1. Out of the residues in region 7-24 meeting the condition of being closer than 22 Å to E109 by Cα and out of contact with any helix residue (DSSP H, G or I) (no Cβ under 8 Å at 6 or more places or on another chain), tell me which one is modelled with the highest pLDDT.
2. Which residue out of L45, L140, L115, L88 is farther than 30 Å from L199 by Cβ and aliphatic (A, V, I, L, M)?
3. Of everything in region 90-101 that's within 23 Å of G212 (Cβ to Cβ) and touching a residue at least 24 places away in the same chain (Cβ under 8 Å), which residue is surrounded by the fewest Cβ atoms within 10 Å (Cβ to Cβ)?
4. Under the condition of being surrounded by fewer than 18 Cβ atoms within 10 Å (Cβ to Cβ) and modelled with pLDDT under 95, which residue from region 198-211 is nearest to P48 (Cα to Cα)?
5. Can you tell me how many residues in region 123-144 are touching a residue at least 60 places away in the same chain (Cβ under 8 Å) and either part of a loop (DSSP other than H, G, I, E, B) or under 13 Å from L27 (Cβ atoms) (or both)?
6. Restricting region 26-47 to residues that are among the hydrophobic types (A, V, I, L, M, F, W, C) and surrounded by 15 or more Cβ atoms within 10 Å (Cβ to Cβ), which is nearest to the chain's Cα centre (by Cα)?
7. Select from region 69-87 the residues that are small (G, A, S) and outside any helix (DSSP H, G or I) and write down the one among them that is farthest from S97 (Cα to Cα).
8. Quick check on this structure: which one of T143, T127, T133 is within 18 Å of the chain's Cα centre (by Cα), of a type in the set (S, T, N, Q) and over 22 Å from K44 (Cβ atoms)?
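The values are calculated or read from the model by the stated rules, or taken from the named source; none is laboratory data. Note that this is a predicted model, so its numbers are computed, not measured. Please note: Cβ atoms are built from the backbone with ideal geometry, for glycine as well, and neighbour counts cover all protein chains shown.
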Amino acid sequence: MWAERGQNNMEFEELQITPTPKEEKVLHAKYGHTSIKMVRGAGKLCCPKIMLIFMNPTARNVSAGSEWKGIRAPWIGTKQVWQMLARLGLVDKSFISKICNLHPEEWNEENALQLYKHIADCNIYITNMASCTQPDARSLPNTLFKEYLSIIFKEIEIINPTKIITFGNQVSSILLQKNISVSNYSQKEFETLNVKNKLFNIYPTYYPVGQGQRNMPKAIKRIRLLIR
């Protein structure tokens with residue numbers, strides 16, 4: 001199942017928007033940690049059923065390492081998000097079980113490429129509100145995320161998803177530019193976001209990983225309602 005490092009030099013442009021916007025590079029130089037690389041959104045690039053927007057990448061993502069040569073995309077080398085998507089039936093459980101048996105040091109560029117090709121095949125696109133990688137899961141100020149608004153709006157415009165799920169109060173509030181409490185959204189409630197005169201349905205949801213891991217059952221319950 002898993003290819004060896006360097007076995008295939010397959011390009012991954014079909015999984016990420018290229019080229020990287022200049023302003024995104026500038027913001028990573030300003031806010032990202034100097035020893036780790038920027039991590040960008042990836043998955044199905046054209047009209048996926050679901051776009052997932054998390055907060056920001058951290059050094060736990062093995063693809064942020066300076067020596068990594070493959071796709072640098074959200075949650076590579078971690079488990080919680082993939083477990084959540086498997087429990088929801090959004091991805092193949094047998095495929096994900098192999099991922100969750102890997103230790104971070106066992107990940108390589110081919111494993112990551114195979115994962116995101118699978119994510120694209122499952123009609124999903126995954127991104128972060130900010131792509132500036134941090135050394136840990138420290139809290140970041142609203143002002144930082146707001147500097148990424150024009151970038152995430154452009155990303156939404158290009159990707160053109162059917163549904164957008166935003167994780168956590170901070171991400172949801174900044175994207176929608178009003179105060180949001182995810183606890184107010186327990187059924188199929190949604191907000192709308194106008195991007196270039198097109199309305200997108202936004203579904204604020206509990207943040208399910210890291211310090212928010214205790215809220216994963218609530219996130220799963222809500223997302224399950226949205227995908228029925």
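1. Restricting attention to region 7-24, the residues satisfying the condition of being closer than 22 Å to E109 by Cα are 7-20.
Going one step further and asking which of them are out of contact with any helix residue (DSSP H, G or I) (no Cβ under 8 Å at 6 or more places or on another chain), we end up with 9, 11, 13, 16, 18-20.
Details: N9: 39, E11: 62, E13: 76, Q16: 96, T18: 90, P19: 90, T20: 92.
Looking at residues that are closer than 22 Å to E109 by Cα and out of contact with any helix residue (DSSP H, G or I) (no Cβ under 8 Å at 6 or more places or on another chain), I get Q16.
2. Details: L45 fails: farther than 30 Å from L199 by Cβ; L140 fails: farther than 30 Å from L199 by Cβ; L88 fails: farther than 30 Å from L199 by Cβ.
Residue meeting the stated conditions: L115.
3. For region 90-101, the residue satisfying everything is L90.
4. Filtering region 198-211 for residues surrounded by fewer than 18 Cβ atoms within 10 Å (Cβ to Cβ) gives 198-199, 201, 210-211.
Subsequent filtering for residues that are modelled with pLDDT under 95 retains 210-211.
Values: G210: 26, Q211: 28 Å.
Applying the filter and picking the extreme gives G210.
5. The initial filter retains those residues of region 123-144 that are touching a residue at least 60 places away in the same chain (Cβ under 8 Å), namely 123-137, 140, 144.
Filter once more, keeping what is either part of a loop (DSSP other than H, G, I, E, B) or under 13 Å from L27 (Cβ atoms) (or both): 123, 128-137, 140, 144.
The number of residues fulfilling the criteria is 13.
6. So in region 26-47, the residues among the hydrophobic types (A, V, I, L, M, F, W, C) come out as 26-27, 29, 36, 38-39, 42, 45-47.
Among the residues that remain, those that are also surrounded by 15 or more Cβ atoms within 10 Å (Cβ to Cβ) are: 27, 36, 38-39, 42, 45.
On the way: L27: 18, I36: 18, M38: 13, V39: 9, A42: 7, L45: 13 Å.
The residue in question is A42.
7. Of all residues in region 69-87, those small (G, A, S) come to 70, 73, 77, 86.
Within this subset, residues satisfying the condition of being outside any helix (DSSP H, G or I) are 70, 73, 77.
Working: G70: 22, A73: 19, G77: 13 Å.
Going through the qualifying residues, I end up with G70.
8. Values: T143 fails: within 18 Å of the chain's Cα centre (by Cα); T127 fails: over 22 Å from K44 (Cβ atoms).
The conditions single out T133.
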